[in-house]
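Let me begin by presenting the structure, written as structure tokens, before commenting on it.
The values are calculated or read from the model by the stated rules, or taken from the named source; none is laboratory data. In this text, all values refer to a predicted model and were calculated from it rather than measured experimentally. Neighbour counts are summed over all protein chains in view; Cβ atoms, including those assigned to glycine, are modelled from backbone coordinates with ideal geometry.
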Amino acid sequence: MKKLAFFTVTLFSVFTFAQDVSPDRIKTVISTLASDDMKGREIGTPENDNAAKYIARLFEENNLEYCTGNSYLVPFDYKGKTVYNVCGVKKGKSDKYLGFSGHFDHIGTSNKSGDNIYNGADDDASGITTLVGIADYFKDKKPDFSMVFIAFNGEEKGMLGSKAIAKDKNLDKIYNNLYSLFNFEMVATESQFGKNALFMTGDEYSDLDELFNQNASDGLKIHPDPYAAQQLFYRSDNVSFVKKKIIAHSLSTVNMNKASHYHHESDDVSVVDFDNLTQIINSFGKTLEKLTPQNFAPKYNNKVKFN
């Protein structure tokens with residue numbers, strides 16, 4: 001009997017571990033997006049197109065459905081050139097949605113000698129890796145919420161991609177049922193709150209963080225924005241959806257007082273805390289498994305400005 005009990009516990013542990021996203025997977029995704037071959041992923045470059053296509057392949061691996069048309073690539077115009085956002089859908093048990101986003105463009109290269117590539121590992125290959133990791137986590141699961149995953153382009157040029165896709169009428173069926181959008185912006189490092197912790201921009205405008213924390217798993221916690229004076233809530237892609245009156249906040253771990261790699265060539269994979277990022281992704285997945293349209297329906301208060 002003792003041997004049988006041990007086998008049962010061991011087998012259960014194997015299956016429990018098997019659902020988690022591995023650090024190797026996280027390392028592969030972020031290292032590919034932030035590689036020198038991507039040359040900083042500036043919008044309008046061939047490397048930016050390559051990044052979009054790579055993300056589309058990752059969505060395909062996770063058996064996501066197209067958001068619209070017959071491709072994960074959602075085109076828009078940038079200076080007369082066709083560029084792409086990337087969008088995929090995971091159908092859940094209901095037609096109510098949660099959204100997960102980040103931007104995959106960065107600022108390209110400089111003319112200086114030596115290391116002149118702005119790899120953008122933290123900004124924002126880490127955010128894309130997080131939403132891909134969540135899609136990985138739910139690949140063989142059917143959550144209560146349906147899920148939409150959006151990789152924005154052109155954030156560094158004025159949030160162009162999120163503005164374009166937020167206006168896409170083909171996605172209104174999703175947007176009209178979108179309970180909240182979690183926008184991941186620079187999550188590669190340990191936050192000032194420690195491991196397995198993020199902060200939420202604009203936390204004073206909605207109850208999303210309180211509702212999320214009530215269901216949080218494995219010690220994961222979303223903290224109030226410690227940099228509220230910098231108005232980060234209105235400075236990232238989430239604001240394109242705030243203007244649609246959709247609950248949309250950016251989540252981050254970056255210490256804005258110490259982030260010397262921000263928009264510098266040093267923002268490469270050396271800044272990434274892979275263990276912490278992997279833990280955040282898996283804890284996020286476990287938390288999302290608990291969320292339903294009945295226990296998670298965040299609302300704005302009267303402090304938020306929609307224009």
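When the stretch 256-307 is limited to residues that are hydroxyl-bearing (Ser, Thr, Tyr) and surrounded by fewer than 19 Cβ atoms within 10 Å (Cβ to Cβ), the one that is nearest to Ala135 (Cα to Cα) turns out to be Thr292. If only residues of the stretch 131-148 that are more than 12 Å from the chain's Cα centre (by Cα) and over 14 Å from Glu65 (Cβ atoms) are counted, the one that is surrounded by the fewest Cβ atoms within 10 Å (Cβ to Cβ) is Asp140. For Ser250, the test of being under 21 Å from Asn282 (Cα atoms), touching an Asp or Glu at 6+ places or on another chain (Cβ under 9 Å) and surrounded by fewer than 16 Cβ atoms within 10 Å (Cβ to Cβ) is failed. Check Tyr234, Tyr175 and return the single one that is crowded, with 17+ Cβ neighbours inside 10 Å and out of contact with any Pro (no Cβ under 9 Å at 6 or more places or on another chain). One residue alone meets the criteria, Tyr175. Surrounded by fewer than 20 Cβ atoms within 10 Å (Cβ to Cβ) and either touching a helix residue (DSSP H, G or I) at 6+ places or on another chain (Cβ under 6 Å) or among the polar types (S, T, N, Q) (or both), is that true of Ser71? So Ser71 fits the description; yes.
Screening the candidates Asn307, Asn276, Asn257 for the property of being part of a loop (DSSP other than H, G, I, E, B) and more than 29 Å from Lys167 (Cβ to Cβ) yields one hit, Asn257.
Among the residues examined, Gly88 qualifies as among the small types (Gly, Ala, Ser), buried (at least 22 other Cβ atoms within 10 Å of the Cβ) and at pLDDT 95 or above. Within the stretch 69-93, residues that are over 23 Å from Asp140 (Cα atoms) and free of Cβ contacts under 8 Å to residues at least 40 places away in the same chain reach partners that are in a loop (DSSP other than H, G, I, E, B) and not hydrophobic (A, V, I, L, M, F, W, C) with beta carbons closer than 6 Å, at six or more positions or on different chains, in the pairs Lys81/Gly44. Looking at the structure I just gave you, is Asp124 within 13 Å of the chain's Cα centre (by Cα) and modelled with pLDDT of 95 or more? When the stated conditions are applied, Asp124 passes them. When you check Ala297 against the structure, is it more than 19 Å from the chain's Cα centre (by Cα) and assigned to a helix (DSSP H, G or I), yes or no? Taking the combined requirement at face value, the residue does not satisfy it. Do we have any residue at all in the stretch 41-51 that's crowded, with 24+ Cβ neighbours inside 10 Å, under 17 Å from the mean Cα position of the chain (by Cα) and aliphatic (A, V, I, L, M)? Looking through the stretch 41-51, at least one residue is crowded, with 24+ Cβ neighbours inside 10 Å, under 17 Å from the mean Cα position of the chain (by Cα) and aliphatic (A, V, I, L, M). Once the stretch 154-206 is narrowed to residues that are aromatic (Phe, Trp, Tyr) and in a strand (DSSP E or B), the residue that is farthest from Asn255 (Cα to Cα) is Tyr179.
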